[in-house]
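Peer 1: Here you go, one structure.
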Amino acid sequence: MRIVFLGPPGSGKGTQCGLLVSHLKVPHISTGEMLRKSIRSREAVGLKVEGDLKAGRLAADAIVIDLVEQRLEEPDCNPGFLLDGYPRTTYQALALETCLMSLKRPLDGVLELCINSEVLVERLAARAKIENRADDNPDVIRTRLQQYQRATFPLVQFYSKRKQHYSVDGLGTVEEVFERIKDALEAIRTKNKR
Ligand code: B4P
């Protein structure tokens, strides 16, 4: 299956995609993870995006689009993929649509994990204590949530118009959310068979 996960920071996209990899047997492509890796290894891309990530701003569209397009051409993506954190802007969504059209592999669906912002702040503050991520401090979390509302939330409408959008309640335990996601994937499979 070819699925995009949408949701604000802390909504559980990364957590749920991690669980779904073995369920669906497709790779998990997290642009946040790819960018952090390139920062850690001091690659040219990493040096360009480091300041943006630290400040909670989005990296430049051109950089992320390029990373994802190269990744989607790798053979392990032939059976499908889980895109986590991409697209995050309308420009990226249009680029993805064009790329998948040229690969003749359209998206099966877009899952939005819905959750309120108080829970998000609590979750990210809890992660800050464990993982020491530079972008999990309160000021940067606020910037990331604002970015989401401004740049990424309009994608709900973008994919609704294309009848590809499905929303999933992201509140509850990891296992409860996972069960809801599996149900939504089943609904997508059934709809796409028709
Ligand atoms: P990401 O790594 O995608 O960061 P994120 O949005 O915070 O999502 P994440 O996957 O970490 O959180 P999750 O919801 O899984 O991006 C980082 C940065 O990279 C961005 O701010 C941006 O600067 C840049 N970037 C990435 N993609 C880009 C793009 N396409 N364009 C431009 N820039 C881009 O979970 C968070 C926490 O919640 C975890 O600690 C988890 O344990 C906990 N959690 C999850 N589910 C839970 C549950 N049910 N109950 C309790 N806790 C739960």
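The values are calculated or read from the model by the stated rules, or taken from the named source; none is laboratory data. Fair warning: this is a prediction, and the values are worked out from it, not measured in the lab. Quick reminder, even Gly has a Cβ in these numbers, built from the backbone with ideal geometry, and neighbours come from all protein chains shown.
Peer 1: If I ask for residues that are away from the ligand (no atom under 16 Å from the Cβ), modelled with pLDDT of 95 or more and in a loop (DSSP other than H, G, I, E, B), which ones from the range 80-103 would you list?
Peer 2: Result: Gly80, single match.
Peer 1: Among the residues of the range 151-168, what is the count of those that are more than 10 Å from the ligand (Cβ to nearest atom), within 16 Å of the chain's Cα centre (by Cα) and of a type outside the set (Phe, Trp, Tyr)?
Peer 2: Within the range 151-168, the subset more than 10 Å from the ligand (Cβ to nearest atom) is 153-168.
Narrowing the set further to residues that are within 16 Å of the chain's Cα centre (by Cα) leaves 153-156, 158-159, 164-168.
Now drop any that are not of a type outside the set (Phe, Trp, Tyr), which leaves 154-156, 164-165, 167-168.
Residues flagged as more than 10 Å from the ligand (Cβ to nearest atom), within 16 Å of the chain's Cα centre (by Cα) and of a type outside the set (Phe, Trp, Tyr) within the range 151-168 amount to 7.
Peer 1: Here's a follow-up. For Arg144, work out the one condition from (1) at positive phi; (2) surrounded by 12 or more Cβ atoms within 10 Å (Cβ to Cβ) it doesn't fulfil.
Peer 2: So the condition that Arg144 fails would be (1).
Peer 1: Something else: Would you be able to tell me the number of residues in the range 15-31 that are surrounded by 19 or more Cβ atoms within 10 Å (Cβ to Cβ) and within 15 Å of the ligand (Cβ to nearest atom)?
Peer 2: Within the range 15-31, residues that are surrounded by 19 or more Cβ atoms within 10 Å (Cβ to Cβ) and within 15 Å of the ligand (Cβ to nearest atom) number 7.
Peer 1: Kindly evaluate Leu72 against the criterion of being surrounded by fewer than 13 Cβ atoms within 10 Å (Cβ to Cβ), more than 9 Å from the ligand (Cβ to nearest atom) and of a type in the set (A, V, I, L, M, F, W, C).
Peer 2: no
Peer 1: Would you tally the residues in the range 169-189 being more than 9 Å from the ligand (Cβ to nearest atom) and in a helix (DSSP H, G or I)?
Peer 2: 11
Peer 1: Turning to a different aspect of this structure: Which one is modelled with the lowest pLDDT, of the residues in the range 1-14 that are of a type in the set (Gly, Ala, Ser) and buried (at least 22 other Cβ atoms within 10 Å of the Cβ)?
Peer 2: Per the stated criteria, the residue is Gly10.
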